[in-house]
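Colleague: If you scroll down you'll find the structure; I have some questions about it.
The numbers here are math on the coordinates, done by the rules we state, and not lab data. Please read all numbers here as calculations on a predicted model, not as lab measurements.
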Amino acid sequence: MDDDPSVQRLMRRLLELLGCSVEAVGSGEECLRRLESDPPDLLILDLMLPGLDGAAVLQRLQARRLALPVLVLSAKDEIESLPGELAGASAYLTKPVHVAELVEVVNGLLGAALAGGGGGARAAHEEGPGGDTSG
């Protein structure tokens with residue numbers, strides 16, 4: 001989701017504190033493979049990915065009619081330059097992301113799965129180059 005490993009670890013910890021089980025992948029191709037076999041409750045997707053980028057992942061999700069909420073995180077100038085390619089995203093936030101805003105959007109997208117801190121939701125977290133998938 002970000003090419004800074006410290007930011008990736010922080011995002012993982014935040015999502016886990018919200019009660020999510022986090023599965024991180026490092027490329028668009030790997031993301032699509034995992035979505036086919038075991039779709040999460042929420043996909044957090046960066047636009048800047050090695051290989052198949054986030055916009056292409058969104059397009060393929062739409063073509064496959066995979067129904068899951070997708071939160072796009074990216075730099076402001078990227079989002080403003082790709083409005084048509086964000087079709088299929090449930091929400092987007094620009095970096096740097098404010099924690100309170102991220103929590104609000106994630107809770108809103110997951111709905112009842114996280115209401116009251118019940119936990120159990122799964123968030124797939126797509127990381128850009130240098131991703132930390134070890135937790």
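Colleague: Pop out the ³J(HN,Hα) list for segment 56-67 in order, Karplus 6.51 cos²θ - 1.76 cosθ + 1.60 with θ = phi - 60°, rounded to Hz; leave Gly and Pro as x.
Modeller: 5, 4, 4, 4, 5, 4, 5, 4, 8, 6, 7, 9
Colleague: Report ³J(HN,Hα) in whole Hz for each residue of segment 11-23, in order, from the Karplus equation J = 6.51 cos²θ - 1.76 cosθ + 1.60 where θ = phi - 60°; Gly and Pro get x.
Modeller: 3J(HN,Hα) across segment 11-23, in whole Hz: 4, 4, 4, 4, 5, 5, 5, 7, x, 8, 8, 9, 10.
Colleague: Here's another thing I want to ask about it. At 0.36 nm per residue, minus the direct Cα-Cα distance, what do LEU66 and LEU17 gain on full extension? Give it in nm, one decimal, please.
Modeller: That works out to 15.0 nm of additional length.
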